[in-house]
Structure formats: structure tokens, C-alpha cells
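The structure appears below as C-alpha cells.
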């Protein structure tokens, strides 16, 4: 700890020396950008905006490529669509049919005349919750399904879960296999890393259109889009877990004479259990987030109903559906995290079956008992519309009364006017005014100043590709929304994190609130913004702000809590005031951790700005949404890659800075 303190002190002092030299490369980049901006009236047109003649027809080239590999079933031209349609109409449709029949009663194999009663599902969830986390988790799991049934949303929830039950295991299996291959073969790992990086930053619309074209509209396309979207973290966590297995464990396995298969299944995978289960948690949460968003391609369920209610501005019903999605998300998140922490139980060989598998026996007894009990007692089988506790109309009335209050209208009107007229629109217009060449130099200067040479080179390449894509202005408007939201989020989220970190009790409460908020589907964040500010730029930016404040607040708290006690004690002994201790000791040491929050916040912002296209924007998200109405795969991919490249630019710069900062502080 003494070494850490010494290194941190030296680094802090060196960064504060008034005579520190400025980097000539950074100065040159900034000066060049300023000169280009000042000389805009006399610049050649190609330095202001690339001429149309210079824009390569990327979308057309991609369309031609996809047309070749896709094939055409009507013309009899063989291609990938034959394989995907066979899989969609065969194995995938069969699996979706099974889960749909069990949960919804679709009269497919195993040909149940009615779906499983809600009481049996709730009882089973309660037992699983008790096994994994005790009575509190049991109450959450069982209570979630009781709420769903009595709010009249059981069928919608089961439609969503029937797809999730197929997509999540499929994502787990595919991710596990690819992760094992990446761990086994270095060349394969190097090859898929950039692909996974792009996949994790692609907007969700880019997953939807190919799924529709190759797998048809509906649950099959929804399941495939959800699976592909959720697979990357499983691949990464599997690879990380297998690489962390200690050499001693591997050597013990080899000395026992284990075969390759036995080494994999009996040594490596069990040793990487924690990381693999973390991957399972991420797969489940991403599957739930995506299966809600697949409402845009005709996927029924909670997402489809929420989309319909929001389109008709029925905010009360939307609010109820949002609560259901949140409860399901929190339940699945807590259950999967408890599974990660749950250690396998071992029993003596002569232990009776009913004790060795007591929770399995209890699950069967509770499920069967409630299933049989639901046959004569109708309300345990299905909650009818008359018994439903839904208060959507009443909530609509409350919202309407609240929004019609003069004080509320005055406050929201003032905020909307100030942000739109004095902040957002001028900022957007200023970014659009900057010549393309100067804009790229400013981004490169940012990447160089924050992350160094390598991120700067990638920034130049990535933003040049964006410029040559033909969608420069739309990309700048997308970036304007992201930067505006991040600035406001930092002004709100970081102070909240600093205040909460002063108290252990408030830290725990705020972290719990952040954990809960991170399980909210992205649609939910649109509701308060629409209700308060209507359809304006303010609504778009503030919906992103609500979404991005969570990681900023969370990692500010985590960063400040991770500061060594010796450092704060040394500052107290030196007579530092609270402000001096915060600005000179705690924040500098917390910055590497806080950088993770900045990075996540920007990634969340790029994700949310595409969602915000639903309420009307002029950015790439709006164009992406329009592609869903046709078969413009090429345009869809070009737009998606633009979003991905901009997000990766900031991702690489911030992570590079965080790693350098850790090394400078001796924390790496």
C-alpha cells in the first residue's frame, strides 16, 4: 500500500506541474482543426463535405453481396436462405412450438389442451428462488408471477418467456462452443475479437432486418435476433474463465490420466464455472432486453403490447407493462446471479434420494400440487378480466391530472425551452457547421489526448469511413445526442455518486438502485421523458440521460470506495480539507474505475439514441428504423456500422486512458 500511495502521489504531482510540456502532436491537430474551421468560407468543397461523386455505393455493393449469398427460393437459386428457412421452419419452429404450447396453450406437441396454470409456475419459481437465495428471493420470484397473473398480463409474459426459453439456451450453447474454440486456438481468438467488439456496439435494428429476411417475421426471427445479440458476452466470459484455470489444476488432471474430453468437461469447465455462469447471467439479461425490442418485427408479447400502448399514448397501461418487464428482468437477474454464487452441495454416498435431491422433490410436489389444485379452482388456473387488478385507466387519469398542473407545465416548459433554444439546437447546429475534415481532426485529437497514438489512428480510420459512407450529417446528429446526454449525465450522476460514497449506508442503497435500474428494458426510459416533455430534442436527450446516469453514478461510488484507506488517512493527517481530499486524492485514484462508467455510459447512450428513434429523431436511428419496412440490407448494415465505429472510437480511447492511468498509479 505504501508503494501505491507513493506512486499515486508522484503521479498527481507530475500532472499538476505548471511547467508540464504540451504534446506537439496534440497541439498540431487542434491548430489544424481550428484553421480549417476559420477558413471554411474559402475551403475547397471536398474539405467541407465530401461530394456525392466521391461517395462509394457501399449499400449497393452490400446488397449485391447479400443477394449472392442469400439465394432466391422463388427463382430456385440456392443460397443461405435455404438453410436458414429449413432451420426456422424445422428445429427452431418445433422448439418454439413446444415452449409456446407449455406456457400459452398453442395446441402443438406435447399437445396440452391448456397452458400450465399460473399458480404452478409461480410456485415452482418460488421454490427455485428459495433454493438459490432464501426466502427473500423466493418471495421476489413467486411474487413476480403472481403480479403478472393478477395484472392481466400472463399471456403476454408467457409469449415473451416462450421465446426466451429457446433463445437463452441457444445463446449459451453457441457462446460456450465458440468460447472454447477461441480459448483453444489463438488465431481464432484473434480473428473473432474485432467481430465481437463490433457486434457489441451494433444498434439492435441491425440485428432485426437480417433476421426477418432469413428467418421470416415473427417468433422465429425474434428468437434468432435475440440469440445473436446475446451471444458475444458468453463467448468472452467462457474464454476468460478457461484462460484463468490455474496450471496446478491442469497438471493434476493430466497426471490422473484424463483424456482431452475429460480434461475439458471434468477439469476446465468446472474450474471456470463462475465466469461461465456470469456469461449465462448476461445472456439471459440481453435476451430479455432484445426479445422486448423484437416487437418492431412483429414479435408478440410484452414488448409488442408496450409498443402498441406507447403508440396510442396510453401511459397508464404502458406503465403497468413496464413494471412487469422490470419485475421479470430483476427476477431473472437475481436468480442467475444467485446461481453464480451457489456452490455445489456434496452428500455422502448413502444419503437417501429425497434428501440428496430435496429441492427437486419439493419442486415436483409444489408444481404438481398446484397444477392439480388449479383444475377445480379457476382463479388458480387463469385470472379473468373481471378479476384483474389492472388500473391502467386510473393511472392515465392521475398522469393526465399531474401533467395538467400549472406548476408542472411551467417547470417542464421552461426546461424544454432553455434546453432546446439555448443549448441543444445551437450545439447541434455548431457540430453540423464544422467542416468534415476539421471534425475528423478534432475527434482524432480527442482520441490522441485521451488514449494515445493507437486510438487516434483508429479514430482517423473509423471517422473517415463514416464520412465516405454518405451519412455524415446523420452521424453527426447521432453524436450530438450522445455528447449532449453524456454532459448532462455527468453533471447529475457524478455528484450523486460522490454524495452517496460519503456514507456506507447510502452507498449500498444507491448501488441497489443502480443494479435495479440496469435491469430496466430501454423502452421504459422513454416513458417519463415523453410524459413530461412531449416529442422534442429535449425528450430524446433526457431519455438518454436517464439511461446513462446509472453507470456513471455506480462507478463513481465504486471508484471512491476503492481508494485505499491509507491515502485518505494521509490526506487527513496533512490537514487537507474535504474538498482538497476529494479533488487531490480520492477522485484521481478513483478515475480508472470511473472511466469504466464513462465508457459504459457512452455505449448506453449510443444504444439509447437508436431506441429514441421511436419518438422521432433525425439521426441514424430514424434511418435504421425505416429499413425495417423493406429489404435494404446494405443500407441497414452501413448505418449500423457507422454507429458501431463511432462507439468503438470512444470505447478504445477511454479504455486506453484507464489502463495507462492504472499503470501510472501503480494499481495495475
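Structure notes:
- Segment residue 265-residue 72, length gained on full extension (0.36 nm per residue, minus Cα span): 65.3 nm
- Between 0 and 90°, nearest 10: helix 633-665 axis offset from the chain longest Cα axis: 70 degrees
- The ranking of 104, 155, 569 by Cβ neighbour count inside 10 Å, starting from the fewest, reads 569, 155, 104.
- Whole-number D in µm² s⁻¹ for the range 610-668, Kirkwood Cα-pair radius fed into Stokes-Einstein, 4 °C, 1.567 mPa s: 95 µm²/s
- FRET efficiency for residue 65 and residue 195, using Cβ-Cβ distance with R0 set to 25 Å, rounded to 0.05: 0.90
- Here r is the Cβ-Cβ distance between residue 25 and residue 660 and R0 is 22 Å; the resulting FRET efficiency, rounded to 0.05, is 0.85.
- Extending 7 Å from Cα along the Cβ direction at residue 246 and again at residue 308 yields two label points whose distance is 5.7 nm.
- Global geometry of the range 332-423, whether rounded, prolate or oblate, following the gyration tensor of its Cα atoms and the 1.5 cut on a/c: oblate
- When 355, 35, 434 are arranged by Cβ crowding within 10 Å, least crowded first, meaning fewest neighbours, the order is 355, 35, 434.
- Compared with the dominant Cα axis of the chain, that is its longest principal axis, helix 504-517 is turned about 70°.
- Cα Rg, Dmax (largest Cα-Cα span) when computed across the chain, Å: 27.1, 90
- If the segment from residue 86 to residue 579 were pulled out straight at 0.36 nm per residue, it would be longer than the present Cα-Cα gap by 171.0 nm.
- Once the Cα-Cα distance is subtracted from the 0.36 nm per residue extended length, the residue 491 to residue 45 segment shows a gain of 156.8 nm.
- Global form of the range 406-516, assessed from the alpha-carbon gyration tensor, a/c cut-off 1.5: oblate
- Exposure proxy ranking for 494, 83, 611, based on other Cβ atoms within 10 angstrom of each Cβ and starting from the fewest, stands as 83, 494, 611.
- For the range 506-569, the relative contact order comes to 40 percent (Cα pairs under 8 Å, sequence separation of at least 6).
- Orientation-averaged projected area, Cα convex hull of the range 546-602 (nm²): 3.8 nm²
- Each label was represented as a point 7 Å from its Cα along the Cα-to-Cβ direction; for residue 513 and residue 417 these points are 3.0 nm apart.
- Measuring nothing but how far apart in sequence close Cα pairs (under 8 Å, 6+ apart) lie, relative to its length, the chain scores a relative contact order of 20 percent.
- With contacts taken as Cα pairs under 8 Å and at least 6 residues apart, the range 99-220 reaches a relative contact order of 17 percent.
- Debye log10 I(q)/I(0) for the range 35-103, one point scatterer per Cα, at q = 0.22 Å⁻¹: -0.94
- Shape category assigned to the range 126-244 from the gyration tensor of Cα positions, a/c cut at 1.5: oblate
- Ranked by how many other beta carbons lie within 10 Å on average, peptides 550-556, 196-202 from highest: 550-556, 196-202
- Rough spin-label spacing in nm, given labels placed 7 Å along Cα→Cβ, for residue 34 and residue 373: 7.6 nm
- Peptides ranked, highest mean first, by Cβ atoms within 10 Å: ranges 41-49, 532-540: 532-540, 41-49
- Calculated FRET value between residue 343 and residue 406, using beta carbons and R₀ = 56 Å, to 0.05: 0.45
- Degrees between helix 472-501 axis and first principal axis of the chain (Cα, 0 to 90, nearest 10): 80 degrees
Every number in this text was worked out from the coordinates using simple rules, so none of it is lab data. Please read all numbers here as calculations on a predicted model, not as lab measurements. No Cβ is skipped: glycine too gets one built from the backbone with ideal geometry, and neighbour counts run over all protein chains shown.
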